[in-house]
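First up is the structure itself, then whatever we jot down about it.
Values quoted throughout were computed directly from the atomic coordinates according to the rules given, and no laboratory measurement underlies them. This one's a predicted model, so the numbers in the text were calculated from it and none came from an experiment. Ideal geometry is used to build each Cβ from the backbone, glycine not excepted, and the neighbour counts take in all protein chains shown.
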Amino acid sequence: MDEAVKQALADLGVTHVGTVTVSDIVFSASFRDACASNVCGRYGTSWSCPPGVGPLDELIARVRRFRLGLVIQTVWPISDLFDYDGMMAANRKHNTVFHRAVGAVKPLLSPDGRILPLGAGACALCEPCAYPEGKPCRHPDHMFASLEAYGIHVTELIDRAGLAYTNGPNTVSYVGLILY
């Protein structure tokens with residue numbers, strides 16, 4: 001990985017970064033099954049989540065058009081393992097860092113700007129999302145679908161990028177992926 005990329009990410013507050021080859025990414029339909037069972041409450045409410053994001057086979061094919069992936073991880077303190085509010089606040093902070101990271105490294109990773117960023121959880125740029133109204137995404141160039149919506153096995157992704165899933169007691173970690 002280029003030193004300029006590492007420095008740009010460190011300056012933005014990214015805790016850990018690793019790379020994967022796209023051929024090493026593990027996909028599982030079980031993540032999409034969890035989406036369909038509406039575990040998070042976002043199924044059918046967002047362009048970044050199923051079914052709006054598209055069929056799994058098309059998403060996997062989209063991922064496979066790229067060669068490499070930059071795995072970005074942020075780690076945040078929480079009061080304990082049951083600190084739901086702390087986890088949600090950390091998720092919002094991660095997504096802010098991830099959005100900035102995408103903007104910072106896009107020209108460094110791909111001279112033609114061809115990247116595919118995938119984030120942690122559903123997009124929250126617009127509340128409410130235009131999807132339930134049957135309208136197009138208001139910000140398609142800034143909306144990131146979730147890793148799980150693409151069927152990506154996040155634990156395997158982290159492992160193959162050489163990162164740790166758990167980063168100490170009373171912390172929560174979030175991950176984003178930039179394919180290039």
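Conditions tested, residue by residue: (1) within 14 Å of the chain's Cα centre (by Cα); (2) of a type outside the set (V, I, T).
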position: I60; (1), (2): no, no
position: G69; (1), (2): yes, yes
position: I78; (1), (2): no, no
position: D83; (1), (2): no, yes
position: A89; (1), (2): no, yes
position: T96; (1), (2): yes, no
position: R100; (1), (2): yes, yes
position: A120; (1), (2): yes, yes
position: P128; (1), (2): no, yes
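Would you pick out the residues in segment 45-67 that are assigned to a loop (DSSP other than H, G, I, E, B) and exposed (fewer than 14 other Cβ atoms within 10 Å of the Cβ)?
The answer is P51, P55, R64, R65, R67.
Do any residues in segment 23-47 that are on the phi < 0 side of the Ramachandran plot have Cβ atoms under 6 Å from those of residues that are hydroxyl-bearing (S, T, Y) and part of a loop (DSSP other than H, G, I, E, B), where the two are at least six apart or on different chains, and which pairs are they?
Within 6 Å, the pairs are C35/Y43.
When only residues in segment 129-180 that are assigned to a loop (DSSP other than H, G, I, E, B) and among the aliphatic types (A, V, I, L, M) count, which is nearest to A104 (Cα to Cα)? Steps first, answer last, please.
Start the filter on segment 129-180 by keeping residues that are assigned to a loop (DSSP other than H, G, I, E, B), which leaves 129-130, 134-144, 147-151, 153, 161-170, 180.
Now restrict to residues that are among the aliphatic types (A, V, I, L, M): 130, 143, 147, 149, 161, 163-164.
Working: A130: 27, M143: 16, L147: 20, A149: 24, A161: 20, L163: 21, A164: 24 Å.
Within segment 129-180, the match that is nearest to A104 (Cα to Cα) is M143.
Going by the conditions given, is Q7 more than 22 Å from P128 (Cβ to Cβ), within 14 Å of the chain's Cα centre (by Cα) and polar (S, T, N, Q)?
Working: more than 22 Å from P128 (Cβ to Cβ): yes; within 14 Å of the chain's Cα centre (by Cα): no; polar (S, T, N, Q): yes.
So Q7 does not fit the description; no.
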